[in-house]
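One structure is given here, and the rest of the page talks about it.
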Amino acid sequence: MSGRHREESGDVGLEAAGGVQTLTLDRPEKKNALTGAMYGALARALRAGDADPAIHVHLLQGAPGVFCAGNDLADFLAASGGHDFDPDALAFLRALAGLEKPLVAAVDGLAVGVGVTMLLHCDLVFASPGASFRTPFVDLGLVPEAASSLLLPARIGHARAFEMLCLGAPFDAERARAAGLVNAVYPSPELEARAREAALALAAKPQAALRAARTLMRRDRALVEAVIDEEVAVFKNCVRSPEAREAFQAFLEKRPPDFARARAKGASDDAGK
């Protein structure tokens, strides 16, 4: 695979050079929020790259100025009515967990939800000073995904992980670096080149040894995959809750959610059954 093209099923740019497959989220008008089509395109690209002997490393980045605003809620609601976990999203998460080859990320600007949790499957993460990391799952009446309930506490400690996943507190680039979520912070104009430099350095190493070392460091793959499935099962229960429905409705109506009213209505509906 060589050259550059735009994935027909989503706003995902693909490029292969020097043993590095670069995946670029390219939907800047929506802050690179992921649709089902984009999830599917990413999953296919990761699996194809892992199977391609000419590819040694994956590099994930966003269109300049923004990394990923998370799941496109409007697309999710239109596709499932807000009642299920997107199968293409699940395919992407499983592709991340199953990667055999290193994954490098360059985060410029906003990273929200899955824009953060996908980074936990990366081996190197670089960010710009303007990067911001936020995981508002609980604010939407939902639970963490991508095995982040396991991987984030292991990476940055329970207290900081709880602050991110449950309080929904944003982390800036320097705090993310200090916490161990990010390897290094580079000025935005340098970020892509620095990340590519690291990816090319990995691609030039003895590949059998590199992959064996990565496998040894990620020996808990079966546990990670099991936690992904467990999170999806809990998500399916949560997404049907009155609070989640209120969060989605508030999003569509562009207003603050009223969870107290949603809980009261849910209790009233249950009593009337």
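Every number in this text was worked out from the coordinates using simple rules, so none of it is lab data. As the structure is a computational prediction, the values presented were derived from the model and not from experiment. FYI the Cβ positions are ideal-geometry reconstructions off the backbone, even for glycines, and counts take in every protein chain you see.
Odds and ends about this structure:
- Neighbourhood charge, 13 Å Cβ-Cβ cut-off, centred on residue 226 and excluding it, Lys, Arg +1 and Asp, Glu -1: -3
- Working value for the chain: equivalent-ellipsoid semi-axes of 33, 19, 18 Å, each the square root of 5 times a Cα gyration tensor eigenvalue, largest first.
- Degrees separating the helix 87-97 axis from the principal Cα axis of the chain, which is the longest one: 40 degrees
- Geometric descriptor of the range 121-273, per residue, is 144 Å³ (volume of the convex hull of the Cα atoms).
- The angle between the Cα long axis of helix 242-253 and the longest principal axis of the Cα atoms of the chain comes to about 70 degrees, rounded to the nearest 10.
- Straightening the chain between residue 259 and residue 230 buys 7.9 nm, computed as 0.36 nm per residue apart minus the Cα-Cα spacing.
- Mean Cα-pair separation over length for the range 94-181, i.e. relative contact order, pairs under 8 Å, 6 or more apart, %: 29 percent
- Around residue 32: net Lys/Arg minus Asp/Glu count, Cβ-Cβ under 10 Å: -1
- Neighbour-count ranking [beta-carbon atoms within 10 angstrom, fewest first] of 186, 39: 186, 39
- Here the extension length gained between residue 178 and residue 250 equals 22.5 nm, from 0.36 nm per residue of separation less the Cα-Cα distance.
- Within straight-line cross-link reach of residue 205, aspartates and glutamates at Cα separation under 18 Å, skipping those fewer than 8 residues along the same chain: 50, 52, 100, 123, 197
- Shape annotation for the range 26-185: C-alpha extents along the principal axes are 39, 37, 30 Å, from largest to smallest.
- Sites residue 193 and residue 83 - FRET efficiency at Förster radius 35 Å, r taken between beta-carbons, to 0.05: 0.20
- Label reach from residue 218 (point 7 Å along Cα→C-beta): in the range 62-96, amide nitrogens under 12 Å belong to 93-96.
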